[in-house]
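Engineer: Supplied in structure tokens, the structure appears directly below.
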Number of protein chains: 2
Amino acid sequence: MTSVESGTRSLGEFTFECGESIGDLEVAYEAYGDFEPQGEGSNAVLVCHALTGSQNVASEGVPGTSGQARAWWNDIVGPGKAIDTTKYYVVCANVPGSCYGSSGPPAENPKTGEPWGTDFPPVTVGDWTRAQRRLLDELGVGRLHAVVGGSAGGMNVLDWAVQYPDDVARIVPVAAAARLDAQCLALDAIARRAITSDDDWQGGDYYGAAKPTDGLALARQVGHVMYLSKTSMGERFGRRAAGRDAVRSFPADRAAGYFPYREVESYLDYQAEKFVDRFDPNSYLYLTRAMDDYDLSEGYEGDADALAAYEGEALLMSFTGDWHFTVAQSESLAEACREASVPVAHHVVGSDHGHDAFLVEPEKVGPPLRDFLADGLAGRAVHDTAEEADGDEETEFAPVHNSLFGG
Amino acid sequence: MTSVESGTRSLGEFTFECGESIGDLEVAYEAYGDFEPQGEGSNAVLVCHALTGSQNVASEGVPGTSGQARAWWNDIVGPGKAIDTTKYYVVCANVPGSCYGSSGPPAENPKTGEPWGTDFPPVTVGDWTRAQRRLLDELGVGRLHAVVGGSAGGMNVLDWAVQYPDDVARIVPVAAAARLDAQCLALDAIARRAITSDDDWQGGDYYGAAKPTDGLALARQVGHVMYLSKTSMGERFGRRAAGRDAVRSFPADRAAGYFPYREVESYLDYQAEKFVDRFDPNSYLYLTRAMDDYDLSEGYEGDADALAAYEGEALLMSFTGDWHFTVAQSESLAEACREASVPVAHHVVGSDHGHDAFLVEPEKVGPPLRDFLADGLAGRAVHDTAEEADGDEETEFAPVHNSLFGG
């Protein structure tokens, strides 16, 4: 085993991108392995968690939680794993606005002694990045070997290359995009409406009272459908009736009893039940809005312009069955990198697992990630769409089409 | 103009597929044009409405409503239109369980003098079909020239070929499928949970009190995303901020004000607001469940076996950007027809409009429909995937792939 440090740092006054400040930003983090300065840089790798993830990227540390809250990338990060903690000093921080120990709506507002609730300032991906930079300063980490993250965490990675282009040698946005598309913005907006229209939400002031669990459960179910693909849902659940009663009982009418309770409902209900136990409804509002708001090109003339100052290398990974963060969006990002003269590989993984693939297909994610961290773009398992396309109009990375609608 | 008859018929006792009965099934309908017996058949065309549609397929008849409630296929049905009311006797009936005058949850239970609410028996697509058959008997219509319908109405069409194979000469399921897939079942289930978890739903007994509008609005918004495609949402809304305030105000937290209210949210809120005015929440539960439950093969060895007794012709129409009822599902249905020796054409329409295409692209839907009604499969504008595929593995009807993920 390597050493694991788990804790919370008080980073002092923090002004959010919106202009509002709080007196003391607390950031919960975990750090694995030993820090080693190396020339101008170091062996430090920052891992950025996804929307509902936590700092506990690889070991058991947060009691009473599950899903992405606990060891969510355990197959990728650890001794001998793709992000090898015997080789790298791996840091993961819970983003501001979340609910795993960093400042956010459910955390205590020191001025009142009560949870911040919706008095907490609006949070952006840019705030996540700046908070991470401040934490790393505290930990004595200057230039990073790499920043790696999936989904909303991949947006966080991109923001590092924009805000601190000189501080990172290698970036790996996994299943990410320069911005969400209208379809995903719509579904996230619906999810937020489900939370705020739950009577128990009470304008966000539900702490100490009933939690708006129905609303949060609905929000999560909408999200969950986005994480799976049509193909994976068909194969996993089909139209089968569940051989058991509902785990989480939403109210239902009498007529419902005539129809089957299906596997797919049972799965969504089970997942939602786990989720409402581990996540804060206000944090879900705050973090989805940060993700929705993120736009790589904001303040620049375009994506390439935003990346122009970055002098490191980039590995983009995308998944053919992913309709939340699509292969096409990653390819568009790869083109922006090429335009900005950022050395880049866009590595497309064939998978029917939808957006979840970056979490559930470690055997496909690990090798290119490991080799890129070790050898950059020269890494053996690193493939690039540009070399595969080879001037052909019908590029090899297009199986998103088959995987989503096949069968 | 042709004659229009609008009314409600009392069809007497009706036993639903679930085994429960009501003393008198009322069915609201409209009929356009003049009925003409023709040999063994007639000039009658039954049009089956979609999930939230009404009997008012082509003229203004239901006051105070909008969307699919009023003249929802006005570009397709009418004098000189594809379904020409100067030529055909066109009947459309509001399905049992709905809320436009037929028996259903919001209609009066004669025994109590109060709305049925969730005491209304569970309803299936099979019940819709049998109710339509009973209505047509009342109207003196025996054998139909054609049954035509889109979406859930297309399932209703398929059920006609199964339940009354000798009563129909031509069927046209438009943007339909033999059954919904797991992804759509999931989204429909989430939509129902949004309604039943609205505190105003009150177990379905909200008549005379506050309607569960938030829940119904959320349900509709989930549905609406299914009706559009990724491409059409991107083109229509992108990430643009709306230049106006919210039409329908869901509760929101203070932090929301820092972020833009987007075009896509504005659109969904506007559509939801119109929808809650025109539709009944319990009916939404009942009808989505009927749609979800429908399975062409139920009680048979498969789809082909279910269609084996049907001796008429079939025109299937599907739309490349439709991920609710996909091109692949229609093609699978076409294969079942071929296996059952049902003369069939699967006409694929290239469109980015998603599932909505069958309503908003009349110029593409009209010609093949008109020609099929007139001349069957020999109709000039009727195309078939089988002839286009021509033994090639990469069939011509596959642009669903491009349209959903292009750009």
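Engineer: Check A:GLU13, A:GLU30, A:GLU5 and return the single one that is farther than 27 Å from A:THR112 by Cα, modelled with pLDDT of 95 or more and touching a strand residue (DSSP E or B) at 6+ places or on another chain (Cβ under 8 Å).
Structural biologist: Only one candidate passes the filter, namely A:GLU30.
Engineer: Among the residues of the stretch B:134-151, is any within 14 Å of chain A (Cβ to nearest Cβ), out of contact with any helix residue (DSSP H, G or I) (no Cβ under 8 Å at 6 or more places or on another chain), surrounded by 20 or more Cβ atoms within 10 Å (Cβ to Cβ) and of a type in the set (A, V, I, L, M, F, W, C)?
Structural biologist: no
Engineer: Just for the stretch B:118-131: of the residues that are assigned to a helix (DSSP H, G or I) and over 19 Å from the mean Cα position of the chain (by Cα), which one is farthest from the other protein chains (Cβ to nearest Cβ)?
Structural biologist: B:ASP119
Engineer: Given the structure, is B:GLY299 surrounded by fewer than 24 Cβ atoms within 10 Å (Cβ to Cβ), in contact with a helix residue (DSSP H, G or I) (Cβ under 8 Å, 6 or more places away or on another chain), at negative phi and more than 11 Å from chain A (Cβ to nearest Cβ)?
Structural biologist: The answer is no for B:GLY299.
Engineer: Could you check B:GLU263 against (1) within 10 Å of another protein chain (Cβ to nearest Cβ); (2) more than 30 Å from A:PRO260 (Cα to Cα); (3) surrounded by 18 or more Cβ atoms within 10 Å (Cβ to Cβ); (4) in contact with a Pro (Cβ under 9 Å, 6 or more places away or on another chain) and say which number it fails?
Structural biologist: Looking at each condition in turn, B:GLU263 falls short on (4).
Engineer: Moving on to the next point. Determine whether the stretch A:132-148 contains at least one residue that is under 27 Å from A:GLU331 (Cβ atoms), in contact with a Leu (Cβ under 8 Å, 6 or more places away or on another chain) and in a loop (DSSP other than H, G, I, E, B).
Structural biologist: No: zero hits.
Engineer: Restricting to the stretch A:177-212, what's the tally of residues that are small (Gly, Ala, Ser), in contact with a Leu (Cβ under 9 Å, 6 or more places away or on another chain) and either more than 9 Å from chain B (Cβ to nearest Cβ) or part of a loop (DSSP other than H, G, I, E, B) (or both)?
Structural biologist: Residues that pass the stated criteria total 4.
Engineer: List, please: which pairs have Cβ atoms under 7 Å, are six or more places apart or on different chains, and start with a residue in the stretch A:319-341 that is touching a residue at least 24 places away in the same chain (Cβ under 8 Å) and end with one that is of a type in the set (D, E, K, R) and crowded, with 24+ Cβ neighbours inside 10 Å?
Structural biologist: Pairs that qualify, where the first residue is touching a residue at least 24 places away in the same chain (Cβ under 8 Å) and the partner is of a type in the set (D, E, K, R) and crowded, with 24+ Cβ neighbours inside 10 Å, are A:GLY321/A:ASP352.
Engineer: Residues to consider are B:ALA357, B:ALA398, B:ALA386, B:ALA336; find the one that is assigned by TED's automatic domain parsing to the domain that holds B:ALA314, at pLDDT 95 or above and out of contact with any Pro (no Cβ under 8 Å at 6 or more places or on another chain).
Structural biologist: B:ALA336
Engineer: Would you say B:TYR310 is in a loop (DSSP other than H, G, I, E, B), within 30 Å of B:SER102 (Cα to Cα) and of a type outside the set (S, T, N, Q)?
Structural biologist: yes
Engineer: OK, next. Out of A:ALA357, A:ALA304, A:ALA340, I need the residue that is over 23 Å from A:VAL47 (Cβ atoms) and out of contact with any Cys (no Cβ under 8 Å at 6 or more places or on another chain). Which one?
Structural biologist: None of the others qualify; the one that does is A:ALA340.
Engineer: Scan the stretch B:149-163 for residues that are more than 20 Å from B:ALA308 (Cβ to Cβ) and in a helix (DSSP H, G or I) and report the count.
Structural biologist: Summing the residues that are more than 20 Å from B:ALA308 (Cβ to Cβ) and in a helix (DSSP H, G or I) in the stretch B:149-163 gives 2.
Engineer: In addition: B:HIS224 passes all but one of (1) facing chain A (nearest Cβ under 9 Å); (2) buried (at least 24 other Cβ atoms within 10 Å of the Cβ); (3) closer than 14 Å to B:THR288 by Cβ; which number fails?
Structural biologist: Going through the list (1) facing chain A (nearest Cβ under 9 Å); (2) buried (at least 24 other Cβ atoms within 10 Å of the Cβ); (3) closer than 14 Å to B:THR288 by Cβ, B:HIS224 breaks only (2).
Engineer: Restrict the check to the stretch A:50-63 and report whether at least one residue is away from chain B (no Cβ under 14 Å), surrounded by fewer than 23 Cβ atoms within 10 Å (Cβ to Cβ), within 20 Å of the chain's Cα centre (by Cα) and closer than 29 Å to A:PRO165 by Cβ.
Structural biologist: Yes; the residues of the stretch A:50-63 include at least one that is away from chain B (no Cβ under 14 Å), surrounded by fewer than 23 Cβ atoms within 10 Å (Cβ to Cβ), within 20 Å of the chain's Cα centre (by Cα) and closer than 29 Å to A:PRO165 by Cβ.
Engineer: Another question, then. Would you mind stating whether A:GLY33 is over 16 Å from A:ARG130 (Cβ atoms), in the same structural domain as A:ALA82 (by TED's automatic domain parsing) and free of Cβ contacts under 8 Å to residues at least 60 places away in the same chain?
Structural biologist: Yes, satisfied.
Engineer: When you scan the stretch A:313-353, how many residues do you find that are in a loop (DSSP other than H, G, I, E, B), of a type in the set (Val, Ile, Thr) and within 14 Å of chain B (Cβ to nearest Cβ)?
Structural biologist: Count: 2.
Engineer: Considering only residues of the stretch A:227-241 that are among the small types (Gly, Ala, Ser) and outside any helix (DSSP H, G or I), which is farthest from the other protein chains (Cβ to nearest Cβ)?
Structural biologist: Checking each candidate, the answer is A:ALA241.
Engineer: Here's another thing I want to ask about it. Go through the residues of the stretch B:249-258 one by one and say whether even a single one is of a type outside the set (Asp, Glu) and away from chain A (no Cβ under 11 Å).
Structural biologist: No, the stretch B:249-258 contains no residue that is of a type outside the set (Asp, Glu) and away from chain A (no Cβ under 11 Å).
Engineer: When you go through (1) in contact with a strand residue (DSSP E or B) (Cβ under 9 Å, 6 or more places away or on another chain); (2) of a type outside the set (Lys, Arg); (3) modelled with pLDDT of 95 or more one by one for B:CYS99, which number turns out not to apply?
Structural biologist: (1)
The values are calculated or read from the model by the stated rules, or taken from the named source; none is laboratory data. Treat the numbers as computed from the prediction; the structure is a model and nothing was measured. Neighbour counts run over all protein chains shown; Cβ positions are idealised from the backbone, glycine included.
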